[in-house]
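Structure first, then comments.
Where a number appears in this text, it was derived from the coordinates with a stated rule and is not lab data. All values derive from a computational prediction rather than experimental measurement. Cβ: placed from backbone, ideal geometry, glycine included. Neighbour counts: every protein chain shown.
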Amino acid sequence: MPHRFYCPQLVESGSVLLVETEAHHVAHVLRHEVGDVVELFNGHGLVATCRISAIRKRDVELEVLDFRREQQPQTVLTLATAVPKGDRLDWLIEKTTELGVSRIIPIITARSIVDPRASKLDKLRQTVITACKQSGRNHLMEITAVTSWNDLLRGFSSDQRVLIAHPGKNEAVGTPTTSSPDIRPVVAVIGPEGGFNDEEVQSALAAGAEAIQLGPHILRIETAAIALAAKLLLS
């Protein structure tokens, strides 16, 4: 498989330029030469086989040889998740990108202890690009701005299936059925290390969410997010 590079300005024919980080990666990290063939993707399903035609100080020029368009996956999954500490968030973003999650919504709940700054989210978007390059994914996972609990609830709609992960043992808790014919976009909600409080759970259920549990053990944020994404996307 040829090396892959992210090019948001990718076109279906003619010449394209890689600049800044991607150009540096081509010329100085992987040490490609004129005539080498690589693959470019624009993050929205357009993928092209390209030949390097020029390597300059600030950019790399490539000729498009062939292209294809890849459709979005049938299952559209949004993870609305509390934010874990430190590099555990980077790991969550990398792995959910590889699994095919469509969107991440960082949320603030009553027991949240991490509120990532905009600069951190920008760095995480670069992590998404890197994970797409490595995994062969051709649609970038979206990372939204940090969202409050009430704003998240107001965004629920009847054309979505909303699941809230909660380790309770009442009758409302169950495991999602992957064989269901329900093809609505899914929003899966993951709480902080201390879990959702009772008011948050009840408000989510009142807004139309289904409570689910992810097995008999208490999972960390990133483990719960990855486990639920794998269950919904790979089953």
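With a ≥ b ≥ c taken as the square roots of the eigenvalues of the C-alpha gyration tensor of region 42-95, please select rounded if a/c is under 1.5 and otherwise prolate if a/b is larger than b/c or oblate if it is not? Verdict is oblate for region 42-95. Our Cα-only numbers for region 1-92 put the radius of gyration and Dmax at 16.1, 46 Å. Sorted fewest first by neighbouring Cβ atoms within 10 angstrom, L152, L92 come out as L152, L92. Taking Cα centre as origin and charging only the Cβ of basic (Lys, Arg, +1) and acidic (Asp, Glu, -1) residues, the dipole magnitude of the chain rounds to 260 debye. Within the listed set T21, T75, T127, the Gaussian network model of the chain (springs between alpha-carbon atoms below 10 Å) gives the highest mean-square fluctuation for T21. Reported to the nearest whole Å, the Cα centre-to-centre distance from region 119-139 to region 1-65 is 17.
Mean residue ellipticity at 222 nm, helices only, the chain: -8500 deg cm²/dmol; runs of at least 4 DSSP H residues each add -39,500 (n - 2.57), and the sum is divided by the number of residues. Taking amide H as placed 1.01 Å from N in the peptide plane, the amide H of L46 sits under 5 Å from that of E70, each at least 5 places away or on another chain.
In the elastic network of the chain, a GNM with C-alpha springs shorter than 10 Å, the most mobile of L121, L17, L30 is L30. Here the ratio of the Cα radius of gyration of the chain to 2.2 N^0.38 Å is 1.16.
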